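Structure provided below as structure tokens; questions to follow.
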Amino acid sequence: MDSSRGVRTAVVVGAGIAGLTAATALARGGWQVEIAEISPAEATSGWGLCLTGPSLRALAELRLADACLTAGHSMTTVTHVGATGEPVDEIQLPRLIGARRPAMAGIARPVLHRILHAEAERCGVVVHRGLTVVAVEQVGNARAAAGPSELVRVRLSDGTVRQAGLIVGADGIGSSARGLLGLDASVDYHGQMVWRALVPRPPWATGIHHFAGKADTAGLVPISDSLAYVFLTENGVEQSFLPDAGLALRLQQLLEPFPGRVEELRPLVAASRSVVRRPVRTTFLEGAWHRGSGVVIGDAAHAPAPQMASGAALAIEDGLVLAEELARHESVSEALEAFTGRRRQRCRTLVETSMAIAGLEQAQRHHDAHALVYACHQQMAEPA
Ligand SMILES: Cc1cc2nc3c(=O)[nH]c(=O)nc-3n(C[C@H](O)[C@H](O)[C@H](O)COP(=O)(O)OP(=O)(O)OC[C@H]3O[C@@H](n4cnc5c(N)ncnc54)[C@H](O)[C@@H]3O)c2cc1C
């Protein structure tokens with residue numbers, strides 16, 4: 001990194017979906033990028049996620065959609081199964097990368113991360129693991145080839161210092177970059193705990209299945225030819241921690257009231273060695289998303305509840321729009337202002353809708369929740 005001039009050099013905090021895709025987009029735009037990722041090792045296990053149309057569209061722009069479709073499981077339909085175990089409707093989501101291509105894809109998280117990581121490194125991004133940013137200081141103006149720009153001095157947890165033209169906080173909902181940049185956020189819990197369990201893919205699981213229960217909702221998402229994940233949303237519970245050892249058994253118990261095909265899933269869940277339970281939490285930065293030459297993106301700026309399966313889409317779109325605005329403006333702060341202007345309303349809509357869906361589920365208004373999910377998918381189909 002050219003730390004003497006520091007301009008057109010960026011430090012990204014976090015090598016998640018937002019950080020890796022932003023770093024790739026910036027590197028392709030001519031930036032020298034380093035990522036500080038707090039986790040010492042690349043994740044090798046973990047559940048999957050659904051890449052909806054906007055995610056695939058943004059990945060296609062990065063020329064990574066094909067790799068994700070090949071490694072994951074292409075899908076187009078969502079089948080709703082009622083509380084009696086009978087299918088009640090089947091919905092097709094918008095196909096945003098071509099009429100003959102799938103509307104969405106399920107993929108294992110470590111597989112997606114490997115694809116994003118490999119492309120970032122291929123573009124020259126340097127990823128430092130086991131490292132975070134501990135201090136950020138704006139140090140005034142410098143004259144770059146492209147025009148005047150503010151520099152930022154970034155101290156890393158190994159004691160080294162970078163003088164860069166840009167710092168991007170992409171460190172998730174619990175972001176510490178946010179605080180270092182002096183940006184305010186509150187993180188809210190919504191009375192739901194969500195479960196995910198990796199299981200072998202049953203042959204009938206070619207699209208997403210949603211199962212209505214008496215109190216909770218469950219579902220199944222294929223993520224490869226051989227794997228799928230079961231999900232369950234527990235309603236009206238306190239945020240709590242359960243030891244890993246008991247998770248598979250507890251999830252199996254929570255699935256007991258569900259009839260039909262869920263009966264087939266219960267023994268698979270009991271045998272699963274990858275079960276996670278997470279609180280449904282959201283955040284949205286009402287105030288500034290940027291200060292000086294620093295900005296927050298992805299879940300650090302706007303984390304929706306998982307019901308819309310679209311947090312990854314917003315994260316990838318952020319990186320693309322950020323790189324576009326930095327290419328368009330002479331000064332970094334003007335580019336960051338333009339970035340926020342383009343992103344705020346779309347991200348707010350998604351976060352607020354996801355919170356409304358969580359509320360409808362808590363009130364057992366599942367039909368209204370589904371209607372809102374599909375209305376929001378139509379809205380999200382509009383270009384970012
Ligand atoms: C249960 C669940 C299911 C979901 N399912 C879907 C889905 O199906 N589809 C979908 O699109 N979205 C889904 N989401 C949302 C999606 O996971 C997020 O929106 C997305 O991961 C956001 O990416 P990110 O890079 O902003 O944050 P993260 O994925 O949280 O990545 C942040 C990265 O920063 C690192 N980090 C954290 N703190 C620091 C620090 N101090 N210094 C350096 N590095 C740090 C972390 O280790 C991590 O690598 C789901 C979310 C949950 C909780």
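For R250, work out the one condition from (1) among the charged types (D, E, K, R); (2) assigned to a loop (DSSP other than H, G, I, E, B); (3) more than 18 Å from A305 (Cβ to Cβ) it doesn't fulfil.
It fails just one condition, (2).
Being within 22 Å of the chain's Cα centre (by Cα) and away from the ligand (no atom under 16 Å from the Cβ), is that true of even one residue in the range 22-35?
Yes, there is a match, as at least one residue in the range 22-35 is within 22 Å of the chain's Cα centre (by Cα) and away from the ligand (no atom under 16 Å from the Cβ).
The rows are residues; the columns are (1) open to solvent by 20 Å² or more (accessible area, probe 1.4 Å); (2) away from the ligand (no atom under 15 Å from the Cβ).
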| site | (1), (2) |
| --- | --- |
| G169 | no, no |
| G182 | yes, yes |
| Y189 | yes, no |
| K214 | yes, yes |
| Q239 | yes, no |
| G246 | yes, yes |
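Being farther than 27 Å from E61 by Cα, touching a helix residue (DSSP H, G or I) at 6+ places or on another chain (Cβ under 8 Å) and in contact (Cβ under 8 Å) with a residue 60 or more places away in the chain is the filter here, so list the residues in the range 86-143 that pass it.
Scanning the range 86-143 gives V133, V136.
Name the residues in the range 16-63 that are over 25 Å from G294 (Cα atoms), assigned to a loop (DSSP other than H, G, I, E, B) and open to solvent by less than 10 Å² (accessible area, probe 1.4 Å), would you?
T52
If you scan the range 219-228, which residues turn out to be open to solvent by 10 Å² or more (accessible area, probe 1.4 Å) and under 16 Å from P110 (Cβ atoms)?
Hits for the range 219-228 are S224, S226, L227.
Among (1) within 18 Å of L51 (Cβ to Cβ); (2) of a type in the set (V, I, T); (3) assigned to a strand (DSSP E or B), there is one condition T206 misses while meeting the rest; what is its number?
(3)
Residues checked against (1) within 11 Å of the ligand (Cβ to nearest atom); (2) touching a residue at least 24 places away in the same chain (Cβ under 8 Å); (3) not in a helix (DSSP H, G or I):
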| residue | (1), (2), (3) |
| --- | --- |
| A312 | yes, yes, no |
| G319 | yes, yes, no |
| A327 | no, yes, no |
| A338 | no, no, no |
| T353 | no, yes, no |
| H370 | no, yes, no |
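While we're here: Could you check the range 278-305 and list, in sequence order, the residues that are part of a loop (DSSP other than H, G, I, E, B) and open to solvent by less than 10 Å² (accessible area, probe 1.4 Å)?
L285, W289, S293, I297, A301, A305
The values are calculated or read from the model by the stated rules, or taken from the named source; none is laboratory data. Computed from a predicted structure; not experimentally measured. A quick note on method: Cβ atoms are made from the backbone with ideal geometry, for glycine too, and the neighbour counts reach across all protein chains shown. Areas reflect the complete protein model, heavy atoms only, side chains present, ligands, DNA and RNA absent. Shrake-Rupley method; radii C 1.70, N 1.55, O 1.52, S 1.80 Å.
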